[in-house]
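Encoded as structure tokens, the structure appears first; notes follow it.
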Amino acid sequence: MKKNLGKIFVIISMFLSIELYAVDYTWSLNDYSKTAHTNEAIYLKYICKFKDKASLYGVEFKEEADTPEYRLEVLREDEKIIDGKKINEFEFVLFIKKAGPFKLKLNARMKKTNKDSIENTVLGRDNIDYEEFTLKIIKHEAITIDVKDSMSNVVGKLELITNKDTQNIKAYEPYHLEFILKGNADFSEIPEILYKLDGVKVFARDTTLDVALTKSGYEGRWSKKFAFVAQKNFSIPSFDLEYFDLEVKRLTTLHMDSIDVTVEKALYKKEELLDEKKNSFEFKSDYLYYALVFILGFLLGKIKFKKNVTSLSERDIFERKVENMKSFKELNFFLVLEDATKYNEIISKIDSDEFNSLGKAKKEVLKRY
């Protein structure tokens with residue numbers, strides 16, 4: 001038995017001497033631009049090619065990093081066997097934060113399974129007094145780039161789209177405005193848009209991002225929605241976003257003109273609500289709806305009920321208001337004025353047409369009360 005074990009050791013040693021030392025590999029790096037601008041996406045691809053399957057080898061690369069000088073993000077890692085040869089690929093996107101000469105050395109880690117590890121696995125030994133791997137650090141040639149100052153944290157190619165309501169609205173009716181940025185840039189660097197207007201309630205939704213990392217950096221869509229509610233005419237200031245356009249290699253400004261919103265009065269003169277020819281009172285619901293939303297609670301509070309009549313609770317009043325809503329637009333407006341924060345999710349669903357019935361929307365509102 002000892003003799004057989006000795007033969008096994010000899011066979012294993014011969015196998016390992018061939019497998020461990022015959023395996024070889026070569027590294028390569030893609031061509032990359034030797035000049036760039038600050039915050040511009042730089043695509044890097046490292047490839048390690050082996051001469052065979054290299055089953056005893058494992059390859060690790062420097063992980064993503066964020067320093068004051070640069071940010072390195074992992075785009076993709078891949079391992080495959082082509083024609084019996086292993087290929088490891090590592091793709092990164094590099095963003096350089098400061099202008100001037102830039103140099104960066106990335107290191108790979110080559111891990112090779114040791115002979116003792118295989119012997120103990122084959123023979124079933126339980127021995128922890130050995131190293132399973134040998135580690136070799138591959139120091140790659142430095143990446144050198146001449147970096148120019150873009151004068152902006154937002155770098156890429158962008159398009160500005162604005163969705164606006166009609167500029168003539170009724171008092172207390174929300175005026176909606178949406179900003180959409182589409183294209184290529186680091187959208188996290190887009191400055192926050194803030195509005196504070198005298199006599200105007202401003203409701204802002206959280207920024208919506210739908211982006212993905214690509215060879216050219218982040219690509220996708222950024223959006224921000226606002227609702228403005230007022231009793232009188234108001235103006236929304238113009239909007240400007242300055243960014244560095246990589247297509248024309250200069251600072252470019254995306255612009256939206258100021259918006260003048262005309263607000264109709266909520267209350268109307270008596271003669272405007274009377275039809276003199278018919279000598280009768282004609283109720284015009286579209287004129288009075290928004291005023292009634294505000295004064296309904298006040299009127300109910302002032303009505304003196306007889307002692308034998310049960311007073312309505314706040315919830316009863318709220319339920320009646322909700323049930324009297326005749327359209328999604330009325331319900332949406334009511335919720336904005338009632339408590340835009342509390343009912344934000346429902347307001348968002350109404351705006352995006354997620355409800356298939358008004359009744360379902362009302363039930364969800366009552367559940368949130």
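The values are calculated or read from the model by the stated rules, or taken from the named source; none is laboratory data. It should be emphasised that the depicted structure is a prediction, and the values quoted were computed from it without experimental measurement. Cβ placement follows ideal geometry from the backbone for every residue including glycine, while neighbour counts extend to all protein chains displayed. For accessibility, only protein heavy atoms count, side chains too; no ligands or nucleic acids. Shrake-Rupley method; radii C 1.70, N 1.55, O 1.52, S 1.80 Å.
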Practice task
Determine if region 128-144 includes at least one residue that is modelled with pLDDT of 95 or more and open to solvent by 10 Å² or more (accessible area, probe 1.4 Å).
Solution key: yes
Handout entry: Checklist (1) part of a loop (DSSP other than H, G, I, E, B); (2) at pLDDT below 95 applied to Thr26, failing item
Key = (1)
Fill in the blank from the handout: If you go through Lys232, Lys215, the only one that is surrounded by fewer than 18 Cβ atoms within 10 Å (Cβ to Cβ), in contact (Cβ under 8 Å) with a residue 60 or more places away in the chain and out of contact with any Phe, Trp or Tyr (no Cβ under 8 Å at 6 or more places or on another chain) is Lys232
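Condition check ((1) hydrophobic (A, V, I, L, M, F, W, C); (2) open to solvent by less than 40 Å² (accessible area, probe 1.4 Å); (3) modelled with pLDDT under 95) across all residues:
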site: Pro174; (1), (2), (3): no, yes, yes
site: Glu178; (1), (2), (3): no, yes, no
site: Leu194; (1), (2), (3): yes, no, yes
site: Val211; (1), (2), (3): yes, no, no
site: Gly220; (1), (2), (3): no, yes, no
site: Tyr243; (1), (2), (3): no, yes, no
site: Met256; (1), (2), (3): yes, yes, no
site: Ser280; (1), (2), (3): no, no, yes
Handout entry: Long-range neighbours under 6 Å by Cβ, at least six apart or interchain, first residue more than 17 Å from Pro68 (Cβ to Cβ) and of a type in the set (S, T, N, Q) within region 100-119, second modelled with pLDDT under 80 and surrounded by 17 or more Cβ atoms within 10 Å (Cβ to Cβ)
Key = Asn107/Lys62
Handout entry: Of all residues making up region 66-111, the number that are open to solvent by 20 Å² or more (accessible area, probe 1.4 Å) and either touching a helix residue (DSSP H, G or I) at 6+ places or on another chain (Cβ under 7 Å) or of a type in the set (Asp, Glu) (or both)
Key = 7
Exercise for the section: Only residues in region 247-271 that are farther than 19 Å from Asn163 by Cβ count as the first member; pair them with residues that are among the small types (Gly, Ala, Ser) and at pLDDT below 95, Cβ under 7 angstrom, at least 6 apart or cross-chain, and list the lot. Expected result: Val263/Ala171; Val263/Ala230; Glu264/Ala171; Lys265/Ala171; Ala266/Ala171; Ala266/Ala291; Leu267/Ala291
Handout entry: region 157-172, subset assigned to a loop (DSSP other than H, G, I, E, B) and touching a residue at least 40 places away in the same chain (Cβ under 8 Å), residue least open to solvent (accessible area, probe 1.4 Å)
Key = Ala171
Problem - Residue that is farthest from Asp165 (Cα to Cα), among those in region 327-354 that are in contact (Cβ under 8 Å) with a residue 12 or more places away in the chain and not in a helix (DSSP H, G or I) - result: Lys342
Problem - Criterion violated by Lys49 - all others in (1) part of a loop (DSSP other than H, G, I, E, B); (2) open to solvent by 40 Å² or more (accessible area, probe 1.4 Å) satisfied - result: (1)
